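What follows is calculated from the coordinates using simple rules that are stated; it is not laboratory data. If you're wondering where the values come from, they're calculated on a predicted model, not measured in any experiment. As a convention, Cβ positions derive from the backbone with ideal geometry for all residues, glycine included, and neighbour counts pool all protein chains shown.
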Amino acid sequence: MTDKLYIPVLLGTTREGRYSEHVARMITAHAKDRDYLGLELFDVRDFNFPLDDEGQAIKDKNTKWRDAIVKADGLIIVSPEYNHGYPGSLKMALDTLLKEYIHKPVALCGVSAGGFGGCRVIEQLVGVVRELGLAVTFRDLNVSHVQKMFSEDGVLQDESVLKRVDEMLDELEWMSKALKWGRDNLK
Ligand SMILES: Cc1cc2nc3c(=O)[nH]c(=O)nc-3n(C[C@H](O)[C@H](O)[C@H](O)COP(=O)(O)O)c2cc1C
């Protein structure tokens, strides 16, 4: 077995009682048996954002995230849909870096209480991640009616979602291998 591709999973909300945490944990746990992917969960709650600064100026205040993205082969973003957009805390976390993301793939996961599975927040994130130099995979993960999919304490109620998690991971794995080859071999 070769070294695993390293994929941070960014949980993009600080909300108390957030269901997106259950989704991020489910994806990370489900990928454990994969030969080629090693996932690690990052939580925007741990970023300890200052109230008087933003952007790359604060990247050295969160060295764990900075170093993770420097060595990352790809990224998964798990975002709830808040008023058809993404939480400010997720944007603040993403904005702390720039060149570290370039030519790495990102898979997007939208989480919603409603029936559209966060498809509107995913569309908004596509423009953001493109500007960061990330390459979006074409298999998103949409989690709709999330309060039915998980119990309050995070137990998965509907295992049919795991097939879609696998589809997202398969595509991310392919893109991670292809872009790693490109980063290592092309100027
Ligand atoms: C400020 C706010 C705005 C929201 N807007 C939407 C929305 O536009 N569409 C939707 O389906 N659900 C919306 N929701 C419900 C969330 O999708 C729901 O809380 C879901 O569980 C995912 O978010 P969570 O990780 O915070 O739990 C909103 C929730 C909050 C707190």
Restricting attention to the stretch 18-40, the residues that are of a type outside the set (D, E, K, R) and either within 14 Å of the ligand (Cβ to nearest atom) or on the phi > 0 side of the Ramachandran plot (or both) number exactly 7
Given the conditions (1) among the polar types (S, T, N, Q); (2) buried (at least 18 other Cβ atoms within 10 Å of the Cβ); (3) over 25 Å from Arg164 (Cα atoms), which single one is not true for Asn48? (2)
So Val44, is it out of contact with any Ser or Thr (no Cβ under 7 Å at 6 or more places or on another chain) and among the β-branched types (Val, Ile, Thr): no
Considering the stretch 49-82 alone, what residues qualify as being under 28 Å from Trp174 (Cβ atoms) and aliphatic (A, V, I, L, M)? Ala68, Ile69, Val70, Ala72, Leu75, Ile76, Ile77, Val78
Checked against (1) more than 16 Å from the ligand (Cβ to nearest atom); (2) buried (at least 20 other Cβ atoms within 10 Å of the Cβ), Tyr6 satisfies every condition except (2)
Could you name every one of the helices (runs of 4 or more DSSP H) located completely within the stretch 49-146 that has at least 1 residues being within 14 Å of the ligand (Cβ to nearest atom) and free of Cβ contacts under 8 Å to residues at least 60 places away in the same chain? 88-95, 119-131
Residue within the stretch 131-141 that is more than 20 Å from Thr14 (Cα to Cα), in contact with a strand residue (DSSP E or B) (Cβ under 8 Å, 6 or more places away or on another chain), surrounded by 13 or more Cβ atoms within 10 Å (Cβ to Cβ) and of a type in the set (S, T, N, Q) present: yes
Assess whether Val70 counts as being surrounded by fewer than 18 Cβ atoms within 10 Å (Cβ to Cβ), of a type in the set (Val, Ile, Thr) and over 25 Å from Tyr19 (Cα atoms). yes
